[in-house]
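Encoded as structure tokens, the structure appears first; notes follow it.
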Amino acid sequence: MKKISMILMAFALALTMSQCKKNEGQTISNDEVVTITLDVKQNNGSKVVVNPNTGTVDFEIGDKIYVGSGGKYVGVLTHNGTNFVGNITNPTENQPLQFYFLGNVTPQETLSAGTTEECSVIISDQTEHLPVISCAASIENYVSGVTAYSAHLLNKCALVKFNVTTPSNSPICITGMKNKVTVDFTLNTMTPSIDGDGVIMLPAGSGENVEKWAILLPQEALEAGGYGTVYSEGGNYLGAYSAIPQILENNYLTDGIIVTIDYEVFPVGAVNGLFTINNYGGQVYFSQGNLQYIGSASSPYWKFADNQWDYYGSSTGQNSSSQTVDRDLFGWGTSGYNHGAVAYQPWSTSTNYSHYFAYGSEAYHLNSFATMTADWGYNVITNGGNIENRGWRTLTRGEWYYLFNSRPNAALKWGHGKVNGHNGIILLPDDWTQPEGLGFVSGSSNWGNIYNLTQWSQMEENGAVFLPASGFREGTSVNNVGSYGGYWSSSYYFNYSSNAYFLYFISGYNSPQDYSNRCYGHSVRLVIDA
């Protein structure tokens with residue numbers, strides 16, 4: 001076991017002011033400046049909050065130490081690159097100063113010099129740095145006119161390694177940990193406790209047996225946790241941890257506590273609502289927004305819209321044939337993979353329908369190109385799992401139809417609406433609970449279900465999906481934005497070789513099994529099988 005150590009060394013500095021002898025316990029009326037010089041064992045001048053290889057702690061400009069005296073908070077010292085320097089107010093004569101380093105986490109309370117008796121910090125978020133917690137009394141008693149003091153800060157935490165296996169690219173949350181420290185300036189104590197679920201959030205990074213370090217506060221040993229005791233930040237993945245030993249102050253535990261996250265609650269980038277799409281009970285999640293191709297980036301990429309109501313219209317220049325603009329209206333099968341069609345790139349604006357044969361052949365009209373490279377879902381989608389062929393796909397024409405017409409209570413599970421001022425179709429999941437105080441009118445209601453951002457947040461939290469009326473593109477002309485919705489299926493309309501099936505809607509009308517010329521640019525909303 002190694003020790004984490006921080007040493008504050010202070011040296012006398014001259015200050016021109018009158019000095020007078022004070023009785024022990026007497027407070028002074030003027031503000032004093034206490035200058036602390038720190039022996040930081042600097043690593044080329046850089047700061048390592050905790051170096052996992054050695055357990056050592058260094059400081060940098062801006063680090064703060066809170067000071068107590070006479071049972072009250074009296075000021076804060078800030079590191080200026082060489083020393084800790086700051087003003088303290090009315091310290092108590094002939095008593096030690098109390099120093100508290102709180103890992104540069106901002107106290108929950110507003111601190112008032114000479115008044116505050118208690119403050120607390122929560123060290124849950126450890127994604128950017130490891131918040132060391134330490135404290136000490138000054139070696140010397142405070143004496144008026146003396147501005148240099150020294151102390152040996154003792155760690156009140158432990159440095160612990162976790163070996164994490166997870167498919168998630170999000171930070172990992174471990175529950176059941178003491179994650180709150182309360183400083184009592186009256187008693188000169190630091191007390192660890194649990195805030196909420198006791199979450200300690202470790203940095204992002206996926207893979208098998210990935211090494212992650214955490215600062216833990218003293219606590220009793222914990223038995224192995226069950227599913228849900230660890231999870232990805234977004235709540236998409238669940239897992240469990242192995243037994244955690246007793247944590248003592250100044251521990252340095254390097255064996256590695258095993259954390260395994262292997263259960264996907266719902267996919268990254270999905271709306272948390274299940275929709276039945278066939279007679280066999282198959283269900284899907286919808287993506288969090290329409291598919292977008294970010295052509296303006298130096299390295300173009302695919303993503304889901306940040307919000308369900310987002311669309312570009314012609315604002316980005318997709319009413320052109322340029323390759324370097326952002327788009328969300330695509331010709332059929334324009335996934336960017338060369339599957340044999342003449343037009344397969346997302347920026348394709350040819351108005352020749354024969355250029356959009358998936359795989360260059362009518363033979364692929366049989367039902368679907370799902371999971372194949374003509375499907376947009378085959379792409380790496382940055383906020384949808386960020387791996388190729390993750391499982392996202394385009395609904396078939398039969399699945400669109402079943403969703404609107406054949407699933408249990410289908411007629412009650414959709415309606416026209418307006419979300420954040422945008423017209424579109426609202427779909428409700430199979431297991432729907434209407435938020436209290438909000439109404440919903442099913443069927444063709446001429447954009448009649450109107451929700452502001454706060455109201456829609458409640459709807460979305462319960463799994464509602466919104467398909468905005470984002471218009472369509474013919475060649476380089478973008479039309480009917482806000483009044484027309486068109487969403488591709490993966491099914492080729494074989495009776496008319498120029499067409500493919502899509503969902504079509506306008507105010508008061510929708511057709512989930514309509515067809516459109518394949519060269520038209522329509523919206524794409526991907527799903528993933530549950």
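Every number here is computed from the coordinates shown, using simple stated rules; none is lab data. Predicted, not measured: the structure shown is a model, and the values here were computed from it. Virtual Cβ from ideal backbone geometry, glycine too; neighbours counted across all protein chains shown.
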Under the Karplus relation with 6.51, -1.76 and 1.60 and θ = phi - 60°, whole-Hz ³J(HN,Hα) for region 462-476, x at Gly and Pro, equal 8, x, 5, 10, 10, 10, x, 7, 9, x, 8, 10, 10, x, 10
Treat the count of other C-beta atoms within 10 Å as a stand-in for reagent exposure and order Ser350, Ser168 from fewest to most.
Ser350, Ser168
Region 60-138: spread of alpha-carbon positions along the three principal axes, whole Å, largest first, is 41, 28, 19
When Arg473, Arg407, Arg393 are ranked with the fewest other C-beta atoms within 10 Å first, the list becomes Arg407, Arg393, Arg473
Does a label point 7 Å from the Cα of Asp430, set along Cα-to-beta-carbon, have any residues of region 403-418 with amide nitrogen under 18 Å, and which are they?
403-414
Over 34 Å [Cα-Cα, the chain], rounded percent:
54
Give the peptides 385-391, 342-348, 517-523, 443-449 in descending order of average Cβ contacts within 10 Å, highest first.
517-523, 342-348, 443-449, 385-391
Nitroxide proxy distance, nm - points 7 Å out along Cα→Cβ at Glu109 and Thr454
3.2
For region 177-264, run through the GluC sites (Glu not before Pro) and keep only the ones in DSSP coil with at most 10 other Cβ atoms within 10 Å of their Cβ.
Glu220, Glu223
Ile506, Ile261, Ile174 arranged by Cβ crowding within 10 Å, fewest neighbours leading
Ile506, Ile261, Ile174
